[in-house]
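Participant: Questions regarding the structure given below will be posed in turn.
The values are calculated or read from the model by the stated rules, or taken from the named source; none is laboratory data. Because the structure is predicted, anything quoted here is derived from the model rather than measured. Neighbour counts are summed over all protein chains in view; Cβ atoms, including those assigned to glycine, are modelled from backbone coordinates with ideal geometry. The accessibility values were calculated without ligands, DNA or RNA, using every heavy atom of the protein model including side chains. Shrake-Rupley method; radii C 1.70, N 1.55, O 1.52, S 1.80 Å.
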Amino acid sequence: MVRNKLDVLIPEDRIQARVRELGAEIRATLGDVPITCICVLKGSFIFMADLVRAIGGDVRCEFLGVSSYHGGTKSTGVVRITQDLRSPIEGRHCLVVEDIIDTGLTLHYLYRMLQMRSPATLHTCTLLDKPVHREVEFKCDFVGFQIPDEFVVGYGLDLGEYYRNLPYIAVYHP
Ligand code: 5GP
């Protein structure tokens with residue numbers, strides 16, 4: 001594995017501090033209700049694991065398999081559901097947990113799909129927001145960090161399935 005193509009963008013301690021803040025913000029906004037956190041696989045699995053512990057109180061975890069990149073560094077704009085939720089979300093307070101918003105197509109599509117299942121409330125949270133390539137307007141409720149126009153890896157985000165296990169976010173230079 002070649003590591004010298006990576007430049008640290010957000011170090012581990014800043015991620016952890018921001019995740020704790022997001023957890024508190026989410027709990028304060030939604031109040032003392034059970035929250036169904038929907039992890040958008042695979043990129044959000046590490047963020048989700050830290051975030052649910054930061055939210056505290058009653059939390060349920062669900063997983064939604066989505067594929068939009070097919071291994072490259074450019075968005076195809078095609079959203080494919082590879083694994084659906086195991087339980088109905090009707091009447092539940094739901095939070096979609098995403099790793100990064102780039103074009104906005106994935107979250108926009110998922111939001112409409114989940115809204116049709118009649119949750120009590122539906123909020124969205126993303127660790128990273130890369131606003132430069134936005135193709136659809138999407139207002140995410142909770143955002144960890146805004147980042148510049150770079151392809152990033154680490155803390156769950158991959159390139160060809162590698163780098164997910166880095167504890168920090170790094171810019172990948174091809
Ligand atoms: P969007 O549909 O908003 O263009 O892209 C959302 C998905 O694209 C994310 O869930 C993520 O899987 C992927 N993606 C977008 N930008 C990056 C990036 O900089 N690095 C990685 N690893 N994935 C990205």
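Participant: Top to bottom by accessible area (1.4 Å), largest first, where do Ile38, Ile100 land?
Facilitator: Ile100, Ile38
Participant: Follow-up question, since we're still on this one. Can you tell me the 0 to 90 degree angle between the C-alpha axis of helix 105-115 and the longest principal axis of the chain, rounded to 10?
Facilitator: Result, in degrees: 10.
Participant: Something else about it: Probe 1.4 Å, all protein chains in place: accessible area of Asp84 in Å², nearest 10?
Facilitator: Near enough 70 Å² of accessible area.
Participant: Further question on the same structure: Excluding Arg134 itself, calculate the net charge of residues whose Cβ lies under 12 Å from the Cβ of Arg134, where each Lys or Arg counts +1 and each Asp or Glu counts -1. Don't jump to the answer; show the numbers that get you there.
Facilitator: Details: positive: Lys130, Lys139; negative: Asp102, Asp129, Glu135, Glu137, Asp149.
Spelling it out: positives minus negatives among the neighbours equals -3.
Participant: Per residue, what accessible area does segment 35-174 have, given a 1.4 Å probe and all protein chains present, in Å²?
Facilitator: It amounts to 46 Å² per residue over segment 35-174.
Participant: So, one more: Take the chain, mark every one of the trypsin sites (Lys or Arg not before Pro) that falls in a DSSP loop and has at most 11 other Cβ within 10 Å, then report the longest stretch left between them, sites excluded.
Facilitator: Segment 4-73 is the longest.
Participant: Further question: Using alpha-carbon pairs under 8 Å, 6+ residues apart, how would you state the relative contact order of segment 26-70 in percent?
Facilitator: The value is 50 percent.
Participant: Computing the accessible area with a 1.4 Å probe over protein heavy atoms, can you report the carbon and sulfur percentage for segment 109-174?
Facilitator: 52 percent
Participant: Ile46: accessible area at probe 1.4 Å, nearest 10 Å²?
Facilitator: For Ile46, solvent-accessible area is about 40 Å².
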